[in-house]
Amino acid sequence: MSELGAQICLRRALLSDTGNTIADPCVVARMELPEALDFAAARRNGVLVTQKRDGRPQLSNISYAVIDGVVKISITATRAKYGNLVRNSHASLYVSREDFWGYIVIDGDAEVTAVATKPDDAGVDELVELYRAILGEHPDWDDYRRAMVADKRVVVRLTPTHAYGMLGG
């Protein structure tokens, strides 16, 4: 266990001694992909982790949806995470439980779609599908489609290869 993990476990033990109970164990463990995907699918917000050119992590708060076992995220081609994923397709998604103590991490290979160029292209159709999965219906789909082109939007398709986390009780 890392030093940070040990500090967290110690803090949690101290909280438990004060009468504040924390039910889940202080163990980070590999988990099956279906369990991690089920947990992620029940939520919509997380942190996408990509790798910068110098090897350090780039973290971005994102909204996502799990569609057919793939984590899909809408990003713009002008952001750092886009360049990072084009350069290195390995990425991770961190999603926490509402109480913050439980979480999962899904590692995977990211595919970045082509930049949206026309309101009726296949990439924009996929962005519409993703929007519906995250937020439901849009009040003006024509306006949305135009905005996806103007924003230079793409879909990141994160195909899970490994998962770990700490969900506990």
In the stretch 51-75, anything more than 18 Å from Ile104 (Cβ to Cβ) and surrounded by 15 or more Cβ atoms within 10 Å (Cβ to Cβ) is listed as Gln51, Gln58, Ser74, Ile75
Pairing a residue in the stretch 59-74 that is more than 10 Å from Leu93 (Cβ to Cβ) and among the basic types (Lys, Arg) with any residue that is at pLDDT 95 or above and outside any strand (DSSP E or B), where Cβ atoms lie under 6 Å and the two sit 6 or more apart in sequence or on different chains, gives Lys72/Leu130
Inside the stretch 80-98, the number of residues satisfying the requirement of being loosely packed, with under 14 Cβ neighbours inside 10 Å and without any contact (Cβ under 8 Å) to a residue 24 or more places away in the chain is 1
Quick count over the stretch 108-155, residues being touching an Asp or Glu at 6+ places or on another chain (Cβ under 8 Å) and among the aromatic types (Phe, Trp, Tyr), is 0
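One line per residue, one yes/no per condition, for (1) at pLDDT 95 or above; (2) surrounded by 16 or more Cβ atoms within 10 Å (Cβ to Cβ); (3) farther than 19 Å from Met148 by Cα:
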position	(1), (2), (3)
Val27	no, no, yes
Met31	no, yes, yes
Ala36	yes, yes, yes
Gly46	yes, yes, yes
Restrict the check to the stretch 101-120 and report whether at least one residue is within 21 Å of Leu33 (Cβ to Cβ), modelled with pLDDT under 95 and buried (at least 17 other Cβ atoms within 10 Å of the Cβ).
-> yes
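The values are calculated or read from the model by the stated rules, or taken from the named source; none is laboratory data. These numbers come from a predicted model, not from an experiment. Note: ideal-geometry Cβ built from the backbone for every residue, glycine included; neighbour counts use all protein chains shown.
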